[in-house]
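What follows is a single structure, written as structure tokens, with notes after it.
The values are calculated or read from the model by the stated rules, or taken from the named source; none is laboratory data. These numbers were taken from a predicted model, which means no experiment stands behind them. Neighbour counts are summed over all protein chains in view; Cβ atoms, including those assigned to glycine, are modelled from backbone coordinates with ideal geometry. For accessibility, only protein heavy atoms count, side chains too; no ligands or nucleic acids. Shrake-Rupley method; radii C 1.70, N 1.55, O 1.52, S 1.80 Å.
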Amino acid sequence: MSTTAAPAGEKMLSFHENVMLAVEKAGALTDLPKGLLDQIKISNVVVKVNFPVKTSRGYEVISGWRVQHSHHKLPAKGGIRYSILADQEEVEALAALMTFKCAIVDVPFGGAKGAIKIDRRNYTEEELERITRRYSAELIKRNCIGPALDVPAPDYGTGAKEMAWIADTYAAFHPKDIDALGCVTGKPVTQGGIRGRVEATGRGIVYGLTEACRNANDMARLGLPPGLAGKTAVVQGFGNVGFHTAKFLAEAGTRVIAVAEWNGAVINASGLDILALDEHRKATGSILNFPGARTIPNGADAMELDCDILVPAALENQITSLNAPRIKARIIAEGANGPTTMEAEEILLAKGSIIIPDVFLNAGGVTVSYFEWLKNLSHVRFGRMDRRFEQKAYERMLTAIESSTGKRFADSERNLITHGADEIDLVNSGLEDTMISAYQQIREVMARDPRIKDLRTAAFVSSIQKVATSYLELGVFP
Ligand code: NAD
């Protein structure tokens, strides 16, 4: 998806150009040599595949890509998107974002991304399986997938089912690879996946937002009280990222007043019941006409509603110079990759809004994918060895306290305290810690350099420096 509509006479930058502009803006604030910055910007490997697939309409040629943006650390890591709008430029932009995202959250991977140019609604499940398995075989032939090389994951238009097909295809070609399950993440839990991966991106977004909204001074500058409770939010896109973000925001006490989809939006100023909206979508095939909410035909209009937090969680280039002047939200929380153009960002920053950038905020997905990969390589579920041991140690401690005080803990209190951490507890704890530490690192970069005024530039400065250090330590740039 190269360009979007632009005002007459003005060329709107493509998604890839916007990402490169952000890298250049941040790179200019580092003292890295040009050659090193050039290497950090460019895609290391770009593979395009075209293959035939038999569908109910006859044979069709399907196109796909896999881009490994950076090999400064291996494996390379990044999702696979099924979208009719996909093109090479888009995949390169997404792969580049993965490099910086992994660096920001200290996940030791290079960046990658893949796409298949299809509208999945036009295919049966059987056809989608055939397409996914054939695409996987094309990646295997080119050494573009493997637990040590390149590890895909879900993205727009894909989920656990596609990842299971990819893992199965890879294992069939590599029967002696004991780590074969680590060739892809986001798998179903029964197929080597990890608990908490499905909701990880949305959960990470809400951990990140919680940390950003905790600072009373920052919030006062926006004219808002600290904390998520009581704030209002609009979410664009009700897929994996949008649904889970809306759900966790509602759990944190934020009123989600509108959800927008490609075919319209639903609005309720008192707050939407997110779980009921999901049920309505499952039952009717659409979020529209949700009982108790007002339906509007143009989803994009909902982004301009008066609210505290706007979460674009659909696709890139959704907030442009065209609609940015009308956006009222003080906090733009980028759930999608590349939802805000650089021009729109300038407009929003000039209005005093803050933008919590994609490269940080939606990194929960890759963080938990990293945990899944570690689980696959270690061949053991997190918590399996120590959960019961922990529980018994806490029980002994409580019993000792009870006998020395002569008081008994209530059963519910005892269960809460003695509960040993299982996989989901450890995953969520690791995710929360990652999001908080990464946010604090970004803020420290801002605090150190008064030239850096926004979170995106700080996030890119921090990650460019980390990637550069890797290259220098590898001796590539002596
Ligand atoms: P998804 O396919 O699960 O959901 C996307 C949703 O957006 C769908 O419901 C779709 O109908 C809707 N949509 C499409 N066009 C729209 C429009 N113009 N207006 C409103 N809604 C629209 O995809 P996802 O996994 O939730 O990914 C969404 C974004 O988040 C993408 O930019 C993706 O790269 C990014 N992301 C995803 C993950 C992940 O773990 N899945 C991780 C990081 C970033």
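Remarks
- Unmet requirement for residue 225, which otherwise passes all of (1) buried (at least 18 other Cβ atoms within 10 Å of the Cβ); (2) without any contact (Cβ under 8 Å) to a residue 24 or more places away in the chain: (1)
- Of the residues making up the stretch 185-202, those that are over 16 Å from the mean Cα position of the chain (by Cα) and without any contact (Cβ under 8 Å) to a residue 60 or more places away in the chain are 188, 189, 190, 191.
- Residue satisfying all of: in the stretch 286-313; within 11 Å of the ligand (Cβ to nearest atom) and farther than 29 Å from residue 17 by Cβ; surrounded by the most Cβ atoms within 10 Å (Cβ to Cβ) among these: 287
- Helices (runs of 4 or more DSSP H) wholly inside the stretch 353-426 containing at least 3 residues that are acidic (Asp, Glu) and either at pLDDT 95 or above or surrounded by 11 or more Cβ atoms within 10 Å (Cβ to Cβ) (or both): 387-405
- Qualifying position, being within 14 Å of the ligand (Cβ to nearest atom) and in contact (Cβ under 8 Å) with a residue 12 or more places away in the chain, among 64, 78: 78
- Scanning the stretch 120-168 for residues that are open to solvent by less than 70 Å² (accessible area, probe 1.4 Å), within 16 Å of the ligand (Cβ to nearest atom) and either under 19 Å from residue 74 (Cα atoms) or not in a helix (DSSP H, G or I) (or both) gives 123, 151, 152, 153, 154, 155, 157, 158, 159.
- The residues in the stretch 93-111 that are assigned to a helix (DSSP H, G or I) and aromatic (Phe, Trp, Tyr) can be counted, and the count is 1.
- Residue 445 crowded, with 18+ Cβ neighbours inside 10 Å, without any contact (Cβ under 8 Å) to a residue 24 or more places away in the chain and outside the structural domain of residue 103 (by TED's automatic domain parsing): yes
- Cβ separations smaller than 7 Å between residues 6+ apart or across chains give the following pairs from the stretch 102-113 residues that are under 18 Å from residue 205 (Cβ atoms) to residues that are assigned to a strand (DSSP E or B): 102/77; 102/111.
- Residues in the stretch 30-79 that are polar (S, T, N, Q), assigned to a strand (DSSP E or B) and over 20 Å from residue 367 (Cα atoms) were compared, and the one that is nearest to the chain's Cα centre (by Cα) is 63.
- Test: residue 212 is open to solvent by less than 10 Å² (accessible area, probe 1.4 Å), among the hydrophobic types (A, V, I, L, M, F, W, C) and within 15 Å of the ligand (Cβ to nearest atom): no
- Residue within the stretch 327-344 that is more than 16 Å from the ligand (Cβ to nearest atom), open to solvent by less than 20 Å² (accessible area, probe 1.4 Å) and not β-branched (Val, Ile, Thr) present: no
- Candidates 229, 171 - the one that is part of a helix (DSSP H, G or I), of a type in the set (A, V, I, L, M, F, W, C) and more than 16 Å from the ligand (Cβ to nearest atom): 171
- Residue check, residue 316 buried (at least 24 other Cβ atoms within 10 Å of the Cβ) and part of a loop (DSSP other than H, G, I, E, B): yes
- The listed residue being in the same structural domain as residue 132 (by TED's automatic domain parsing), open to solvent by less than 10 Å² (accessible area, probe 1.4 Å) and farther than 23 Å from residue 352 by Cβ, out of 237, 182: 182
- Total residues in the stretch 10-29 satisfying the condition of being in a helix (DSSP H, G or I) and surrounded by fewer than 19 Cβ atoms within 10 Å (Cβ to Cβ): the figure is 4.
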